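Notes follow the structure.
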Amino acid sequence: MSMECCAYSFLLEDSNMCDYEIATDELASLVSLARHHIKHIKQEDLCTLIELIYHANGSIRGKCAIQSNEYDQLHQMYKTYFIRMEHFVVPDGCIGASYLHILRSKTKAVIRLMTKIKKEGQTVPDTLWDFMNLLANTFFMMSLYENKEEHFEEKEFISRSYES
């Protein structure tokens, strides 16, 4: 098969590894799209996240490329945008926050793929679990921060499914 006819060399694989790599590629691409609509998160933070997600992309098939200092950098982003919430909120808001909520949700889908890969017998580095979970939470904090800066009031969500 010629290179022109091969979108990605692992597409015919049976495992969830290829799906993980496609999902992280999509996640990085969505951060790139979202950053053009996000007003109050530092652009350099968003660009850093694109690169870190791409490092995470090959971190199961190859060696784990997320280093401790990069995890610390993500943790610092989390703390920078942290807003204490007393209740669950509807994933709504200004355009930037809406994109960030999508990124949070897509990151959780990546974590589910990691779970499937582990169940298939592959080793998923602990660092990657921590990184992806912190990334999802960071996107959430960024969405709250973006809404706050845009003066969009968060709406509490009370689930009827779990009420006592």
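The values are calculated or read from the model by the stated rules, or taken from the named source; none is laboratory data. Computed from a predicted model, the values in this text were never measured in an experiment. Every residue, glycine among them, receives a Cβ derived from its backbone with ideal geometry; neighbour counts consider all protein chains shown. Ligands, DNA and RNA are stripped out before the accessible areas are found, and what is left, the full protein with its side chains, is counted by its heavy atoms. Shrake-Rupley method; radii C 1.70, N 1.55, O 1.52, S 1.80 Å.
Structure values in brief
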| item | result |
| --- | --- |
| Length gained when the stretch residue 161-residue 85 is fully extended (0.36 nm per residue, less Cα-Cα span) | 25.3 nm |
| 53, 111, 22, ranked by accessible area, largest first (probe 1.4 Å) | 22, 111, 53 |
| Carbon and sulfur %, accessible surface of the chain computed with the full protein complex present, 1.4 Å | 51 |
| Contour minus Cα-Cα distance for residue 119 and residue 33 (0.36 nm per residue) | 27.7 nm |
| For residue 44, solvent-accessible area (1.4 Å; no DNA, RNA or ligand), Å² | 110 |
| Residue-level accessible surface for residue 116, protein heavy atoms, 1.4 Å, Å² | 90 |
| Separation in nanometres of the label points that stand 7 Å from Cα toward Cβ, at residue 40 and residue 15 | 4.3 |
| Accessible surface ranking that places the most exposed of 61, 112, 104 first, with a 1.4 angstrom probe | 112, 61, 104 |
| Across 106/148; 39/148; 63/118; 42/148, pairs whose alpha-carbon gap is larger than 19 Å | 106/148 |
| Accessible surface ranking that places the most exposed of 47, 94 first, with a 1.4 angstrom probe | 47, 94 |
| Residues of the chain: accessible area per residue with a 1.4 Å probe, Å² | 60 |
| At most 12 other Cβ within 10 Å, DSSP loop - chymotrypsin sites (Phe, Trp or Tyr not before Pro), segment 96-164 | 157, 162 |
| Simple label model, 7 Å out from Cα along Cβ direction - residue 76 to residue 47, nm | 1.6 |
